[in-house]
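Shown next, in structure tokens, is the structure this report addresses.
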Amino acid sequence: MKEKKMVKVTESIVRLNDVHSIGVIGDPGCEGLGMYNMKVYAGALEESSADDITLIVGDLVPIGTEYYYQMIQEITEILAGNSVYSLRGNHDTGAYDSYFGKKNYALLADHFAVVVLDNAERTFEEEGLLLLADVLAREDVSQAVIAFHIPVPNHFILNSVSNEEYHRLQKAYQPWKEKVKYLLCGHVHSRFVDTVDGIPLICTGGGGAMIEDVSKEIRACDVEHHIVHFYEKDGNLTYQIANLSEDCYRREREDKILKQRLEETVQGELLAHFKYLMFADRAKRRGMNQIANLFQALAASEYYHARNFYAVLESPTSFLDSVGTYLPGEEFEYQHFYKMLAEYAQKQQSPLAKYAYTGAAAAERVHASLLKQAEDMEAWKEKTIYVCQVCGYLMTEEEVSERCPVCGGPKRQYQVFEESEKRSE
């Protein structure tokens, strides 16, 4: 019988042989098991396969039902390259122990220990604290990592357990404090390294959930999805944070048949999206607002389907280098492709197609200009963009006119895109 990759822990102390490194993945599933999140998680599992074992520091699923646990378990079993252990996050409710076993346990490798504690409900269980003390008191344990989901109080965020709870943890490890080399947590969809009670605190939540702003100092745009490698070096336990590339997982794209079918599926879903939007517009013009609402919802659903399929296929470059990659396509469209097709339509006496292409070409020229300016993301200052909902022409605050310069549509029909300046503190 094939040994399962995702381990269900049945003993409080698990002895591990020939384990010298551990890959740590944080928060893969709390925002939902959509394809973007799961693609990051798949890449994290592949990166962590270089280690002897993997630990997921909580929030495997959005909510702890059988359906989501089965889904994350199946993905993990197929993609993991080593044994995967987990600890309970605040989203890992319900049937967690049925799938993953004990919530408080210790992994004893030859030269280090990892003590997993459940604080998903913002309190450390007495059972876990007693286990921690027992493990640290062992003569064969000289260095340890204490792992839990919700951070202890630190200098970066307020989203932590209370000081009282931290003092309970501190009291449990204090007699053997010199053995505690790291405190390890997840919960925050970012990463930071701090020092608590003289011990490094590593917070990692970059294994699937969208990276978010933590503070003015730790912005989402400055943090990549990542995992943490712990490993022995000259007998000491150390760590390295490994960023995951935007193109961190490729399995489906490497299957030629599946890749082709996925591309066709994206096209079909997007076509359905546009068809539903067009009908919603027709319904709205006839005063059938409830029908229009239904078809707008259908269109949105088809768009998200397309996005999920495309997420499996996408092979993006690094985020900070991404804007410039869209520029050649826009330039080709207005300089060559749309111009050629407009001329052909003119020869074929097809004026509607001609004006559709010439209007789109005018917009693509603006797209290219703005993308060129936005290549330096930090220097980009445009806060408001207007798009004509009749023809799709795009204008900045400085250039906006009362009538669309391409189709003459009125300003009241423009769709307005405004920057949201609010950041998480």
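Descriptive notes on the structure:
- For segment 159-226, the Cα gyration tensor yields ellipsoid semi-axes of 26, 12, 10 Å (square root of five times each eigenvalue, largest first, whole Å).
- Within a Gaussian network of the chain (alpha carbon springs, distance under 10 Å), most fluctuating of L262, L60, L313: L262
- Here is the list for segment 209-249: trypsin sites (Lys or Arg not before Pro) lying in DSSP coil, each with at most 12 other C-beta atoms within 10 angstrom of its C-beta, are K216.
- Surrounding net charge for N308, when Lys and Arg each add one and Asp and Glu each subtract one, Cβ distance under 13 Å: -2
- When Cα extents along the principal axes in Å is calculated for this entry, the matching label among (i) 88, 49, 46; (ii) 61, 56, 46; (iii) 113, 58, 37 is (i).
- Between segment 1-69 and segment 359-420, the Cα center-to-center distance that results, in Å: 44
- Within segment 284-337, none of the GluC sites (Glu not before Pro) combine a DSSP coil assignment with at most 10 other C-beta atoms in a 10 angstrom radius.
- Taking all protein chains into account, the per residue accessible area for the chain stands at 53 Å² (1.4 Å probe).
- A cysteine counts as unpartnered when no other cysteine's C-beta lies under 4.7 Å of its own; in the chain this applies to C30, C185, C203, C221, C248.
- Proximal charge balance of I150 [Cβ under 11 Å; K/R count +1, D/E count -1]: -2
- Looking at segment 1-53, the trypsin sites (Lys or Arg not before Pro) that sit in a DSSP loop and have at most 14 other Cβ atoms within 10 Å of their own Cβ are K2, K4, K8.
- Modelled label positions at N289 and S401, each set 7 Å beyond Cα in the direction of Cβ, lie 3.3 nm from each other.
- To the nearest ten degrees, helix 289-313 and the longest principal axis of the Cα atoms of the chain are 60 degrees apart.
- Of the solvent-accessible surface of segment 40-151, computed with a 1.4 Å probe and all protein chains present, 47% belongs to carbon and sulfur.
- Rolling a 1.4 angstrom probe over segment 242-307 with all protein chains present gives an accessible area of which 53% lies on carbon and sulfur atoms.
- Each label point was placed 7 Å from the Cα along the Cα-to-Cβ direction; for S215 and T325 their separation is 3.2 nm.
- Accessible surface of H91, taken over heavy atoms with a 1.4 Å probe and every protein chain present, rounds to 50 Å².
- With a simple spin-label model that places each label point 7 Å from the Cα along the Cα-to-Cβ direction, the separation between T195 and E378 comes to 2.7 nm.
- Three-way shape call for segment 195-241 based on the alpha-carbon gyration tensor, with the a/c threshold at 1.5: oblate
- Degrees separating the helix 351-374 axis from the principal Cα axis of the chain, which is the longest one: 40
- Residue-averaged 222 nm ellipticity for the chain, from DSSP H runs of 4+ at -39500 (n - 2.57), nearest 500: -11500 deg cm²/dmol
- Taking the C-alpha atoms only, the angle from helix 66-79 to the longest principal axis of the chain is near 90 degrees.
- Neighbours of F337, meaning other residues whose beta-carbon lies under 15 angstrom from its beta-carbon, give a summed charge of -2 when Lys and Arg score +1 and Asp and Glu score -1.
- Pairwise centroid distance, computed over Cα atoms, of segment 192-252 with segment 273-338, Å: 33
The values are calculated or read from the model by the stated rules, or taken from the named source; none is laboratory data. Bear in mind the structure is a predicted one, so any value in this text is a computation, not a measurement. Positions of Cβ are backbone-derived with ideal geometry, glycine not excepted, and every protein chain shown enters the neighbour counts. Just the protein is used for accessible areas: all its heavy atoms, side chains included, with ligands, DNA and RNA removed. Shrake-Rupley method; radii C 1.70, N 1.55, O 1.52, S 1.80 Å.
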